[in-house]
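The values are calculated or read from the model by the stated rules, or taken from the named source; none is laboratory data. The model shown is predicted, which means the values in this text are computed figures rather than measured ones. All Cβ positions, glycine included, derive from the backbone under ideal geometry; neighbour counts span all protein chains shown. Surface accessibility is based on the protein's heavy atoms, side chains included, excluding ligands, DNA and RNA. Shrake-Rupley method; radii C 1.70, N 1.55, O 1.52, S 1.80 Å.
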Amino acid sequence: MKILVTGFDPFGGEAINPAWEAVSRLPKEIEGAEIVTVQIPTVFGDSAKRLFEAVNEHQPDAVVCVGQAGGRFGITPERVAINVDDARIADNKGQQPLDTVIQADGAPAYFTTLPVKAMVEAVKKAGLPASLSNTAGTFVCNHIMYQNLYYLAKHYPKTQGGFIHVPYVTEQVVDKPGQASMALADIVKGLTVCLETIVAYQGKTDAQVVGGETH
């Protein structure tokens, strides 16, 4: 099995992006699966182009994109991506699309094909905070999750795909009082557990546990 894992470069004035910092430190092999890591730009359009190139080059069995979610407390696999770009801030090329359809021939939304509930349970069992997220936002993280699932559905329907958000790392919150953070080593551990779970659940149905919210 081969898993492609992507992480974004820094954005929004940050010096680092915990997504890439963690992804770049992942083991090259997890539970017998080859792990391929690629950095992608925090840019609408360009990020998808780089992802598609990597998918075509490596022909993975699963594609996991990872991004920063400042303010979240734990590892949060995403359930769904929606077909709209609506940027609160500009991307790294100064683009700020508003109410823009990502793919004209795409579905209104795509659901992850990763075992996200099992991933959450495994991360919590490993002693780290985790929860299932039902919104990936409308910035480049949602954009790349949608593009990932759209591309796989069109060209590689047997390949699993999805997205995981991670919190700030500790050094990012020195000037952000009250903001949640996680040690980089713990983010790496959490992502590793998620990838272990993907391997363990290959060909299986996701865990049937509660992952919903009341609001």
Heavy atoms of Arg79 accessible to a 1.4 Å probe, total area in Å² rounded to 10:
60 Å²
Looks like the chain, by Cα gyration tensor root eigenvalues a ≥ b ≥ c and the a/c under 1.5 rounded cutoff (else prolate when a/b is bigger than b/c, oblate otherwise), is rounded
Just reorder Asp61, Asp105, Asp91, Asp206 by solvent-accessible area, largest first, 1.4 Å probe, all chains present.
Asp105, Asp61, Asp206, Asp91
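On the accessible surface of the stretch 68-215, probed at 1.4 Å, how many percent belong to carbon and sulfur atoms?
Working: 3880 of 7130 Å².
Percent of accessible area from carbon and sulfur atoms in the stretch 68-215: 54.
From the square roots a ≥ b ≥ c of the eigenvalues of the alpha-carbon gyration tensor of the stretch 75-120, which class results: rounded (a/c under 1.5), prolate (a/b over b/c), or oblate?
Because a/c hits 1.5 or more and a/b fails to exceed b/c, the stretch 75-120 counts as oblate.
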Placed amide H near Ala180: partners under 5 Å, 5+ positions off or other chain
Gly71
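Leu26: net charge of surrounding residues, Cβ under 15 Å, Lys/Arg +1, Asp/Glu -1, itself excluded?
On the way: positive: Lys2, Arg25, Lys28, Lys189; negative: Glu21, Glu29, Glu31, Glu34, Asp186, Glu196.
Cβ neighbours under 15 Å give a net charge of -2.
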May I ask you to compute the full-extension gain from Asp175 to Val209, defined as 0.36 nm times their residue separation minus their alpha-carbon distance, rounded to one decimal in nm?
8.5 nm
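Only four residue types carry charge here, +1 at the Cβ of Lys and Arg and -1 at the Cβ of Asp and Glu. Report the dipole size of the chain about the Cα centre in Debye, rounded to the nearest 20. Spell out each step's value before the answer.
Values: 17 positive and 23 negative charges, 73 e Å.
Using only the charged Cβ atoms, the result is roughly 340 debye.
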Roughly speaking, what is the stretch gain from Ala153 to Met1, that is 0.36 nm per residue apart minus the C-alpha to C-alpha distance, in nm to one decimal?
52.8 nm
Thr214 accessible area, assembled protein chains, probe 1.4 Å, Å²:
140 Å²
